[in-house]
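Have a look at the structure below, then the notes.
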Amino acid sequence: MFYLSKIEHKLTLPPYLLTLPIREAILSELERLFLDKVIAKLGLCISVYDIISIKGGSVFPGDGAPTYLAVFNLIMFRPFTGEIITAKLIRSDANGLRLSLGFFDDIYIPKHHMPDPSHYVSTTSTSKTGTWYWDYGEESFAIGDSEEIKFAVQSVSYPPIPVEQPKDSKPFAPMVVNGSLNQDGLGPIAWW
Amino acid sequence: MKILDANVAPLTNFEVLDFLRSKGASKDPSRVIAKVAMSEYKVYDYLVNTSANVQTREDIAEYLSGIKLHDLSEAEILNIVNIRPAAVVEIYPIIEECPDRFPDEEVTEIVELVEKTLPTVTINETAVENTEGDEETDTQAHENGNVSQEKTEGEEPMDTS
């Protein structure tokens, strides 16, 4: 789930941080820049692991902030295909399920990856949400709300930033994980 | 920004949890004091509810030396440490083409190795039901829920206060 990635970055240190010792100042600026942000192909940055080197410190004319070249390690959240993750259900609708890890919410199980066979029942005739049931033999098992669900990662995609979005659409998700429940041992952990 | 090495090393959940703990994260409700950011706390909250919470370096080292006897890929070994499967059926999604690569006895051997080396966490039903609502109330619920741990040979229970 988590990987260490080595990054080199040229950053300027705003003057209000110059009272701190250099390491702390650079750490604080790196956290402001990278923490909780998605880097394409690398994943979601969870934390700055450590700083390997800091070079530079020159001040360019007309600028009050010194520029440093820092090399550091970041802890990235990047699930690989085939990884099994336990997450919580936050939304269940006709297109499938949406799961959350607390720090990452854009995990989708599209309806063609639900355990086979299964069917969907909407809560009321007009609502957009409902419950999915897995039909195993004679019985139907429900996937209840807020349950811990184990799923296998199918793919991780980084959609490009859209230029314009229609007004009511979901906020843009820079990283989307698609999962599957169609294997033995997957689904709500209460089932197994 | 230049990516020097996208993949220096994969980390187990335990290592990330250990790192966050060394930064000062804890279950303490007053979280302003530690130098840990809110987003890092969310990761901490997630990991504390997995079996990574009760693992130690020695356990994982023991597990790694034992699992070398079986022919598993690095991703599968990592998956098993993170999930801690308790039954054969939980191994099936982790290992690709399990029935073809491993006979049933070997799969049970792997489960037994996991049971022996990696400690387990048992959480009461009440703690699981309490996890609704936003992150702030979540931490309180985890404080109130009962997290009991089973001792493995010679391992001391960790402080859950």
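Annotations
- Residue, farthest from the other protein chains (Cβ to nearest Cβ), within segment B:73-85, restricted to residues that are within 21 Å of B:PRO119 (Cα to Cα) and assigned to a loop (DSSP other than H, G, I, E, B): B:ARG84
- Pick from segment A:5-38, criterion in contact with a Leu (Cβ under 8 Å, 6 or more places away or on another chain) and of a type in the set (A, V, I, L, M), ranking: nearest to the other protein chains (Cβ to nearest Cβ): A:ILE7
- Summed over segment A:30-46, residues that are assigned to a strand (DSSP E or B) and basic (Lys, Arg) total 0.
- Scan segment A:1-28 for residues that are charged (D, E, K, R) and under 22 Å from the mean Cα position of the chain (by Cα) and the total you get is 1.
- Those strands (runs of 3 or more DSSP E) of segment A:133-192 in which 1 or more residues are modelled with pLDDT of 75 or more occupy A:148-157, A:176-180.
- In summary, B:LYS2 fulfils each of the numbered conditions (1) surrounded by fewer than 19 Cβ atoms within 10 Å (Cβ to Cβ); (2) in contact with a Pro (Cβ under 9 Å, 6 or more places away or on another chain); (3) within 11 Å of chain A (Cβ to nearest Cβ) with the single exception of condition (2).
- The residues of segment B:86-112 that are more than 8 Å from chain A (Cβ to nearest Cβ), under 20 Å from A:ILE85 (Cα atoms) and surrounded by 14 or more Cβ atoms within 10 Å (Cβ to Cβ), listed by number, are B:ALA86, B:VAL88, B:ILE95, B:CYS98, B:ILE110, B:VAL111.
Condition check ((1) in contact with a helix residue (DSSP H, G or I) (Cβ under 6 Å, 6 or more places away or on another chain); (2) facing chain B (nearest Cβ under 10 Å); (3) within 26 Å of A:PHE34 (Cα to Cα); (4) not in a strand (DSSP E or B)) across all residues:
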| residue | (1), (2), (3), (4) |
| --- | --- |
| A:ASP63 | no, no, yes, yes |
| A:GLY82 | no, yes, no, yes |
| A:SER92 | no, no, no, no |
| A:LEU97 | no, no, no, no |
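The values are calculated or read from the model by the stated rules, or taken from the named source; none is laboratory data. This one's a predicted model, so the numbers in the text were calculated from it and none came from an experiment. With ideal geometry, Cβ positions are generated from the backbone for all residues, glycine too; neighbour counts draw on all protein chains shown.
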